[in-house]
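What follows is one structure encoded as structure tokens, with my remarks underneath.
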Amino acid sequence: MGTMQERITTTKKGSTISVQTIYMPADDLTAPAPATTFAHLDATTVLSRGVAELGIYPAVDPLDSTSPIRDPNIVGNEHYDVACGVQKILQDYKSLQDIIAILGMDELSEEDRLIVLCAWKIQCSYLSYSRWL
């Protein structure tokens, strides 16, 4: 991979880019091999079995995926603020999933229920193509 990465360049006539596909049998992003590889990549799009199980396609995990262009200087302040807000809602929902699994939705506060509702809407309406198929 190192030899190929060394050939990636930008010139006046164009660019040479690369798309790497990394399979992780244990789905562990923190394992030494994937973590070392990710350190050399600009952006990552993580496909998740958990997202696929929800019926969301493409099964991109927005919490584990990264992009250097998610920068207010590139996408603008409004887009950046919305993306950060969506990521916060999804992260808060992820942290509530254990509580929901053990106690159920009825034990959540109104604020937490609103987070869950917003996260469901984001997942089903915004992050999924299934509504358009």
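See the values below:
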| read-out | value |
| --- | --- |
| Number of positions in segment 28-57 that are out of contact with any Phe, Trp or Tyr (no Cβ under 7 Å at 6 or more places or on another chain) and in a loop (DSSP other than H, G, I, E, B) | 15 |
| Qualifying position, being part of a helix (DSSP H, G or I), surrounded by 11 or more Cβ atoms within 10 Å (Cβ to Cβ) and at pLDDT 95 or above, among Q91, Q123 | Q91 |
| Close pairs (6 angstrom Cβ cut-off, 6 or more residues apart or separate chains): under 25 Å from L127 (Cα atoms) in segment 33-49, charged (D, E, K, R) anywhere | V46/D61; V46/D64; S48/D61 |
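The values are calculated or read from the model by the stated rules, or taken from the named source; none is laboratory data. Remember, it's a predicted structure, so these values are computed and weren't measured experimentally. Cβ sites come from the backbone with ideal geometry, for glycine too, and all protein chains shown count toward neighbours.
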